[in-house]
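Only the coordinates and a few stated rules stand behind these numbers; no lab work does. Everything quoted here is computed from the prediction, not taken from an experiment. Cβ coordinates were reconstructed from backbone atoms using ideal geometry, including for glycine residues, and neighbour counts include every protein chain displayed.
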Amino acid sequence: MLEKLQIVKQRFDEVSDLIIQPDIITDQKRYIQLNREYKDLRILMDKREEYIEFTNNLAEAEEIIADGSDAEMVDMAKMQYDEAKEGIPKLEEEIRMLLIPKDPEDSKNAVVELRAGAGGDEASIFAGDLFRMYTKYCEGKGWKVSTVDFSEGTNGGFKEIQFEVSGENVYGTLKFEAGVHRVQRVPQTETQGRVHTSAATCMVFPEAEEFDVEINPKEVRIDFFCSSGPGGQSVNTTYSAVRLTHIPTGLVAQCQDQKSQHKNKEKAFKVLRSRLYEMELAKKNAADAEKRGSMVTSGDRSAKIRTYNYPQGRVTDHRIGLTLYDLQNIVNGDVQKIIDELMLAENTEKLKANDNVI
């Protein structure tokens, strides 16, 4: 373990030196990448110090116990020995998890898109419920949520809604939510009391920086139109909304959330960059998942990942066979317990694939 951590320390020292070099500071892309790496390595360095302290304490305690000349010192050494013996395996497991190669996308912000699927009005209402669930979850983590574009359902909710989430390790957390979510309940419009099944799709893109994706302005058609929805007269009468069409791929991104045409255009370009970036990332994720036989983050948008069953008060995540009878708290934003289990499942898969790391 210490040999592996020594290699990490060498890289940490190297990165620490690089991030203060003038040529690195002027190269924005390289500087941001190295800063992210520095933060990750700093955590490992702290664990390394803790590990060295434990091993030193263990060796010292063994020496005092073997000597046995001072009964009081031996008693204290036994306590120190037990503490180190108990702490070292736990710390080794933590370090093993931290040594798993991190996905560089995980630290990025995210663009989330919810779309009503099969189920008519009830699917739109469900998409609205999911938006509320994620908004509450993100607020609880101190993340900022900003709406980009939306199309309201005829009886509430959204036919589709797109929003940005910014904060720490946003994409690395929310990527587990990508896929088809199903709801089983009696819709408000149902007169016979029958349970219906409806669905909504959640897509999660890492927010691409300008240097991640270069867009040729000549390949983008820009259309301006009047915003719809609430916001007063100026929103509905001025051409502030922006729609971008990327001609080579046919991808469309639009924004009508801001009153300023310039701000909407800026947001729409951010979404377009993220969509183009995600296209490449989805191919990589699918290939990685196929290698590991993983269903946790396969990048497959058509995969049914979770069911919310209201009559039984349960939520089931089909990827890992997890069922929780805590539906009300979960739809009110308490999603972390599910994400934690999914992260654990994926890290276990990665650990198996990286058994030669340690």
Task: Least to most buried among CYS255, CYS226 (fewest other Cβ within 10 Å first) - done: CYS226, CYS255
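Taking 0.36 nm per residue of separation and subtracting the Cα-Cα distance, what length does fully extending TYR38 through ARG221 add? Could the numbers behind the result be given before it?
On the way: separation 183, 0.36 × 183 = 65.88 nm, distance 3.98 nm.
Difference between extended and current length: 61.9 nm.
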Open item on the list: How would segment 2-146 be classified by its alpha-carbon gyration tensor: rounded, prolate or oblate, with rounded meaning a/c under 1.5 and the a/b versus b/c comparison settling the rest?
Closed with: oblate
Task: Size of charge dipole - the chain - debye, nearest 20, with Cβ of Lys, Arg +1 and Asp, Glu -1, no other charges - done: 2380
Task: Choice from VAL335, VAL112, VAL165 showing the highest fluctuation, given a GNM over the chain with Cα pairs closer than 10 Å - done: VAL335
- [ ] Put one equal scatterer on each alpha carbon of the chain, apply the Debye formula with no solvent term, and list log10 I(q)/I(0) at q = 0.06, 0.08, 0.09 1/Å to two decimals.
- [x] -0.32, -0.53, -0.65
Task: Value of [θ]222 nm, deg cm²/dmol, for the chain, DSSP H segments ≥ 4, -39500 (n - 2.57) each, nearest 500 - done: -16500 deg cm²/dmol
- [ ] Taking DSSP loops as anything outside H, G, I, E and B, show the longest stretch in the chain free of GluC sites (Glu not before Pro) there with at most 13 other beta carbons within 10 Å.
- [x] 1-167
Task: Karplus-derived 3J(HN,Hα), 6.51/-1.76/1.60, for each residue of segment 85-98, Hz, glycine and proline x - done: 4, 7, x, 4, x, 5, 5, 4, 5, 4, 5, 4, 5, 5
TODO: Springs between alpha-carbon atoms under 10 Å, Gaussian network over the chain: tell me which of ASN57, ASN155, ASN169 tops the mean-square fluctuations.
DONE: ASN57
Task: Leading residue at positive end of dipole, segment 2-98 (Cβ point charges), from PHE12, ILE24, GLY87 - done: ILE24
- [ ] Can you pull a Stokes-Einstein diffusion coefficient for segment 88-135 at 25 °C (0.890 mPa s), Rh from Kirkwood over Cα pairs, as a whole number of µm²/s?
- [x] 171
